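For reference, the structure is listed below as structure tokens.
Bear in mind that the values in this text are calculations on the coordinates, not laboratory data. Since the model is a prediction, treat every value here as computed from it, not as a measurement. Cβ placement follows ideal geometry from the backbone for every residue including glycine, while neighbour counts extend to all protein chains displayed.
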Amino acid sequence: MSLAPFAALESRVNNAVFARLANAEVSIDGGSAIGGIFDDGYALGSVGPLGMSGSQPTVAVPSAQVPSQPVGKAITVNGVAYLVAAVEPDGVGSTRLLLEAA
């Protein structure tokens, strides 16, 4: 069984998604600018009986655009400097990069 037709379809779908939904210009480790989907979400955590809020900015980019071993590399999102803190590939062509302030 060949996965080539599925891989080609997956690539076309991912390209269409990022072309339509990208809300950020992303450059990883000084590379060329690519479209990404940026989210600076709010999270509420608990610290004993008290709550504590925080955020973990993330950006989703096509997996093919992510260099090998990106953790710790510089990344800019809409001109703002970050470092890649963690990588979460989804297994179908998109990778979510968790960011921290540079």
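Net charge near ARG96, counting Lys/Arg +1 and Asp/Glu -1 over other residues with Cβ under 12 Å of its Cβ?
Charge balance near ARG96 sits at -3.
What's the FRET efficiency of PHE6 with SER27 using the Cβ-Cβ distance as r and R₀ = 25 Å, to the nearest 0.05?
0.25
Net charge within 11 Å of GLY36 by Cβ-Cβ distance, Lys/Arg positive one each and Asp/Glu negative one each, not counting GLY36 itself? Before the final figure, lay out the partial values.
Details: positive: ARG96; negative: GLU25, ASP39.
Charge balance near GLY36 sits at -1.
Treat each spin label as a single point 7 Å out from the Cα along the C-beta direction, and report the ALA74 to ASP40 distance in nm.
Computed distance between label sites ALA74 and ASP40 equals 2.0 nm.
What number comes out for the charge environment of GLY72, summing +1 per Lys or Arg and -1 per Asp or Glu over other residues with Cβ under 15 Å away?
Local net charge: -1.
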